[in-house]
1. How long are the semi-axes of the equivalent ellipsoid of the range 59-131, taking √(5λ) for every eigenvalue λ of the Cα gyration tensor, in whole Å from largest down?
2. Restricting things to Cα coordinates, could you compute the convex hull volume per residue of the range 1-81 in Å³?
3. Compute the Rg/Rh shape ratio of the chain: radius of gyration over Kirkwood radius, all on alpha-carbon atoms.
4. Taking only the C-alpha atoms, wrap a convex hull around the range 89-161 and report its volume per residue in Å³ as a whole number.
5. As a test of the formula, what do you get for the chain when each DSSP H run with n ≥ 4 contributes -39,500 (n - 2.57) and the sum is divided by the residue count, at 222 nm and rounded to the nearest 500 deg cm²/dmol?
6. Could you give me the ³J(HN,Hα) list for the range 149-160, computed from phi with Karplus coefficients 6.51, -1.76, 1.60 and θ = phi - 60°, whole Hz, x at Gly and Pro?
7. Quote the relative contact order of the range 20-164 in percent (integer), defining contacts as alpha-carbon pairs under 8 Å separated by 6+ residues.
8. Which longest run of the chain has no exposed loop site in it, a site being GluC sites (Glu not before Pro) in a DSSP loop with at most 11 other beta carbons within 10 Å, and the site itself not part of the run?
Amino acid sequence: MKIKELLENIKAECTTITYFCSIHMLEKNFDIENDTSNKENIKEFFINYENYEKYLNDYAGVIYKKFESSIDNVYNEICLFFGENPDNKYLFSHRIKRVLNQNPMKYLDIENEDLRDNAIYKIEEKISIIEKSFYYKENKQLAYKELEKLKKSINMVKVAAGIK
């Protein structure tokens, strides 16, 4: 399949921002005018959430400001375009890496109570999003112990900081 042909299909079936983001991502890896690839390779490229972080990071301002959208919205739409569930191993892997890199103990160093509390609530929200995801529910063994350990650390920090 020609890359250009795929882009025409995306243009016809998806929102303008998803089309623009697709071009932006593909330009980083392909010669859009001349390259061809099989649909599975292109699908794999688009379904891998890490590519959104990698190739759309410099485009984020346009996505958020001009189109009032987000990388997650673009990702969800592309997954639907390819007939894939956006709640998949790639998104799970991305989320779990980001949340497990957090060290709740560092929040104790934040002197401003509102900032500290918001930081703690944000990490709890990220954990909640992971735990509510279909992929996690089907594959709890992948990160259950790590998430439980992180939640215990958060609870310790909340107690130490006097947060209810």
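1. Working from the Cα gyration tensor, I get semi-axes of 29, 17, 9 Å.
2. Value for the range 1-81: 78 Å³ per residue.
3. 1.07
4. Details: hull volume 5.3 nm³, N = 73.
Once divided by residue count, the hull of the range 89-161 is 73 Å³.
5. On the way: 9 runs with 104 residues, N = 164.
So the helix-based figure for the chain works out to -19500 deg cm²/dmol.
6. In residue order, the calculated couplings are 4, 5, 5, 5, 4, 4, 4, 5, 5, 4, 5, 5 Hz.
7. 21 percent
8. Values: sites that count: 33, 68, 111.
Maximal segment without exposed cleavage sites: 112-164.
Quick note: the coordinates plus some simple rules give every number you see, no bench work behind them. The structure presented is a predicted model; accordingly, all values stated were derived computationally and were not measured. Quick reminder, even Gly has a Cβ in these numbers, built from the backbone with ideal geometry, and neighbours come from all protein chains shown.
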